[in-house]
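**Q** The structure's right below; bear with me while I get my questions together.
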Amino acid sequence: MTLVTVGRVGKPHGFDGSFYVEGASQLLALGETVVVGSRSHVVARRAGTDERPLIRLEGVDDPRALRGEPLLVEAELEEDEWLAADLVGLEVAGHGRVERVLDGPSCSVLELSDGALVPFVRDAVSSVSADRIEINEGYVG
């Protein structure tokens, strides 16, 4: 299991410690454990909509100090799934290394040390291993 981001702490709502989840990518269920910062919390309230969830975490009375922090849950990655942090530093033949992973509007984008940008999609990236990424040159921008 590994920790994956399922959203961010958003705007507070009311006076009970509830807040909206920004960029929710997964539903958070009542009783589910969420990591914020270095602390684990249990979802004590779940309301709002699937598009704009509203939650309260046990032990968080004022979420303003946490605004913008990622909400992490444990998840099992599939064989062809990667965390962005795992891609940084991997070698890309002819381009150097992955410097960082950017969140694009439709997909993640690899920024390479030579300044090239590569969309992290199956058509552009032919394979990923523990130390190397193989790309299709026609997708390098």
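**Q** As a test, work out the antiparallel percent of DSSP beta bridges whose residues both lie in the chain, rounded to the nearest 5.
**A** Working: 35 of 37 bridges.
Antiparallel bridges: around 95 percent, rounded to the nearest 5.
**Q** Rounded, prolate or oblate for the chain? Axes are the square roots of the Cα gyration tensor eigenvalues, ordered a ≥ b ≥ c, and the cut-off for rounded is a/c under 1.5.
**A** prolate
**Q** State whether segment 84-139 is rounded, prolate or oblate according to the following rule on the C-alpha gyration tensor (a ≥ b ≥ c being the square roots of its eigenvalues): a/c under 1.5 gives rounded; otherwise a/b larger than b/c gives prolate, and the remaining case gives oblate.
**A** Judged from the Cα gyration tensor, segment 84-139 comes out rounded (a/c under 1.5).
**Q** Under a 5 Å amide H to amide H cut-off, with H placed in plane at 1.01 Å, what residues pair with Glu32 once short-range neighbours are removed?
**A** Val43
**Q** Choose one of Gln26, Ser129, Ala85: the residue whose Cα lies farthest towards the positive end of the charge dipole of the chain (beta-carbon charges +1 Lys, Arg; -1 Asp, Glu; about the Cα centre).
**A** Gln26
**Q** Which of the trypsin sites (Lys or Arg not before Pro) found in segment 57-122 are loop residues per DSSP with 12 or fewer other Cβ atoms within 10 Å of their Cβ?
**A** Here the sparse-neighbourhood loop sites are Arg122.
**Q** Quick check on the chain: helices-only [θ] at 222 nm, where DSSP H runs of length 4 and up contribute -39,500 (n - 2.57) each and the sum goes over total residues. Nearest 500, please.
**A** Calculated at 222 nm, the ellipticity per residue is -500 deg cm²/dmol.
**Q** Amide H of Glu69: which non-local residues (sequence gap of 5 or more, or other chain) have their own amide H closer than 5 Å, using H built in the peptide plane?
**A** Excluding prolines and chain starts, which carry no amide H, the hits are Val9.
**Q** Let me ask something else about it. Under the rule of at least 5 residues apart or a separate chain, name every residue whose amide H is placed under 5 Å from the amide H of Phe120.
**A** Result for Phe120 returns Ser108, Val109, Leu110.
**Q** Also: Assuming a ≥ b ≥ c are the square roots of the Cα gyration tensor eigenvalues, decide whether segment 2-75 counts as rounded (a/c under 1.5), prolate (otherwise, with a/b larger than b/c) or oblate. Working shown, then result.
**A** Values: a/c = 1.37, a/b = 1.17, b/c = 1.17.
The shape class here is rounded.
A short reminder: the numbers here are calculations on the coordinates, not readings from a lab. Remember, it's a predicted structure, so these values are computed and weren't measured experimentally. Here Cβ is always computed from backbone atoms with ideal geometry, including for glycine, and neighbour counts include all displayed protein chains.
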